[in-house]
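Participant: Handing you a structure now.
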Amino acid sequence: MKIINIVGARPNFMKMAPVIEAMNQHPADIQHKLVHTGQHYDEKMSQAFFNDLGMPKPDIDLEIGSGSHAEQTARIMVAFEKVCLQEKPDLVMVVGDVNSTLACTITAKKLGIKVAHVEAGLRSRDMAMPEEINRLCTDVLCDVLFTTDRGAGENLLAEGVDSSKIVFAGNVMIDTLLKHKLMAAELVLIDELGLRPRHYSLLTLHRPSNVDDRVVLAGILEAVLELSDHLPVIFPIHPRTRKMAQQFGLLDSLQNKPDIHLLQPLGYLQFLHLMMQARMVLTDSGGLQEETTTLGVPCITLRNNTERPITCEQGSNVIVGNKKTDILAAAENVLSGQSRQGRIPEKWDGKAAQRIVQWLLDHPAIPGM
Ligand code: UD1
């Protein structure tokens, strides 16, 4: 079976790494190539992850870079079509919900190539999120849908997807987390920052709905400034967020506050090191909601919805939106010991990628076309 694996943006790398590793165990049956679309291109948003995760260099780099959604998606499609025509894969594997996921799915499918989606079926029901559009359009086109939890499978069934296409494989991102936990624990970044385990919070922020509007971003950052009076905040800032905060004149107040540690985006291991020992994580990321659930670290999600409700039902996550008072109330709950540790969901056990690859080996003629 000849497979092309796709990565494009930061959250793709830790999902694809274990899939590649599992494919490498079967060289006689699976021949695979890695395509990087170049959606993320900064050293710290891309190459650092390849190094940390021990991922092979991409065989093909499309070097697409930034642009509007249409520009980025279209540029990936044009470039990836040439790759498909040349390589003639039997299957294209996509992960997650970024523009690269959707662009490569449409391109391959229109050429009659089968497509498998890892992390299928997640739904926020929020069509203002570009990722929700990417998820819906990707899933409707794919031939195999590997899901992380039973709820995702139910979402797909409710949309009319045939049950034979849905495979509950578990969470590949958690494969990567479990594999790297010990290595991350040995790092010394917390000491270097002069902080102690469980005596700081960790913040990430990058969703357009939180960072592209001045009033919204200012409200979140006011909450963060106030929180830092009680608990130091580590904030590795996404390039998009830095750009917007600077444009809105909000960066100086963060930079001038001693208990806010404003950092460049971090590599996988350093970030995991900080997350594992944080008192709480505040975030608008999707993946962090799952990682904190697995680590039992309280997570305060600065969004009005989540495509990962299992992290609230079973894990350590609460959805609080992006209003200053709500964020501070949730943080106060954690500080006063009222957070829930939760439990680790089914099949978030480090073996999801193995199950995916075993399924591919058992189904060489993928049904559904
Ligand atoms: C993308 C994904 C989002 C994911 C996030 C993780 C989509 C629609 N969005 O959002 O789901 O959670 O990645 O980071 O696919 N930039 C750089 N260097 C880079 C990459 C981006 O400076 O390497 C800046 C550019 O100004 C760019 C902006 O960040 O215009 C946004 O990048 P883009 O890839 O469009 O989306 P993200 O916000 O990163």
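Participant: Would you pick out the residues in region 117-136 that are more than 13 Å from the ligand (Cβ to nearest atom) and crowded, with 18+ Cβ neighbours inside 10 Å?
Facilitator: Within region 117-136, His117, Val118, Ala120, Gly121, Arg123 qualify.
Participant: Let me ask another. Given the condition farther than 20 Å from Val98 by Cα, among the acidic types (Asp, Glu) and part of a helix (DSSP H, G or I), answer yes or no: does some residue in region 31-46 qualify?
Facilitator: No, region 31-46 contains no residue that is farther than 20 Å from Val98 by Cα, among the acidic types (Asp, Glu) and part of a helix (DSSP H, G or I).
Participant: Would you check which residues across region 136-178 are within 17 Å of the chain's Cα centre (by Cα), in a helix (DSSP H, G or I) and touching a residue at least 40 places away in the same chain (Cβ under 8 Å) and list them?
Facilitator: Matches in region 136-178: Thr138, Val172, Met173, Ile174, Asp175, Thr176, Leu177, Leu178.
Participant: Return the pairs, sorted by first residue and then second, in which the second residue is among the charged types (D, E, K, R) and assigned to a loop (DSSP other than H, G, I, E, B), the first residue lies in region 320-346 and is within 21 Å of His199 (Cα to Cα), the beta carbons are less than 8 Å apart, and the residues are 6+ apart or on different chains.
Facilitator: Listed by first residue and then by second, the contacts come to Val334/Arg279; Leu335/Arg279.
Participant: Moving on to the next point. Scan region 62-100 for residues that are within 13 Å of the ligand (Cβ to nearest atom) and surrounded by fewer than 19 Cβ atoms within 10 Å (Cβ to Cβ) and jot them down.
Facilitator: Across region 62-100, the qualifying residues are Glu63, Gly65, Ser66, Gly67, Ser68, His69, Ala70, Glu71.
Participant: Follow-up question, since we're still on this one. Between a first residue in region 257-274 that is assigned by TED's automatic domain parsing to the domain that holds Leu187 and a second residue that is small (Gly, Ala, Ser) and part of a loop (DSSP other than H, G, I, E, B), which pairs have beta carbons less than 8 Å apart while being 6 or more apart in sequence or on different chains?
Facilitator: Cβ pairs passing all conditions: Lys257/Ser228; Asp259/Ser228; Ile260/Ser228.
Participant: With respect to Gly170, determine if the residue is surrounded by 18 or more Cβ atoms within 10 Å (Cβ to Cβ) and in contact with a strand residue (DSSP E or B) (Cβ under 8 Å, 6 or more places away or on another chain).
Facilitator: no
Participant: Right, here's the next one. Hey, can you tell me all the residues within region 306-349 that are surrounded by 19 or more Cβ atoms within 10 Å (Cβ to Cβ) and more than 27 Å from Asp126 (Cα to Cα)?
Facilitator: Of everything in region 306-349, just one residue is surrounded by 19 or more Cβ atoms within 10 Å (Cβ to Cβ) and more than 27 Å from Asp126 (Cα to Cα), namely Val334.
Participant: For region 6-27, how many residues are in contact (Cβ under 8 Å) with a residue 12 or more places away in the chain, in a helix (DSSP H, G or I) and of a type outside the set (Asp, Glu)?
Facilitator: 13
Participant: Take region 101-116 and flag every residue that is among the polar types (S, T, N, Q) and either more than 12 Å from the ligand (Cβ to nearest atom) or over 16 Å from Val35 (Cα atoms) (or both).
Facilitator: Across region 101-116, the qualifying residues are Thr105, Thr107.
Participant: Which residue is farthest from Tyr268 (Cα to Cα), if the candidates are limited to region 1-29 and must be surrounded by 19 or more Cβ atoms within 10 Å (Cβ to Cβ) and more than 16 Å from the chain's Cα centre (by Cα)?
Facilitator: If we take residues in region 1-29 being surrounded by 19 or more Cβ atoms within 10 Å (Cβ to Cβ) and more than 16 Å from the chain's Cα centre (by Cα), then Ile3 is farthest from Tyr268 (Cα to Cα).
Participant: For region 1-33, give me the residue count where each residue is closer than 17 Å to Thr148 by Cα, within 16 Å of the ligand (Cβ to nearest atom) and touching a strand residue (DSSP E or B) at 6+ places or on another chain (Cβ under 7 Å).
Facilitator: 4
The values are calculated or read from the model by the stated rules, or taken from the named source; none is laboratory data. These numbers come from a predicted model, not from an experiment. With ideal geometry, Cβ positions are generated from the backbone for all residues, glycine too; neighbour counts draw on all protein chains shown.
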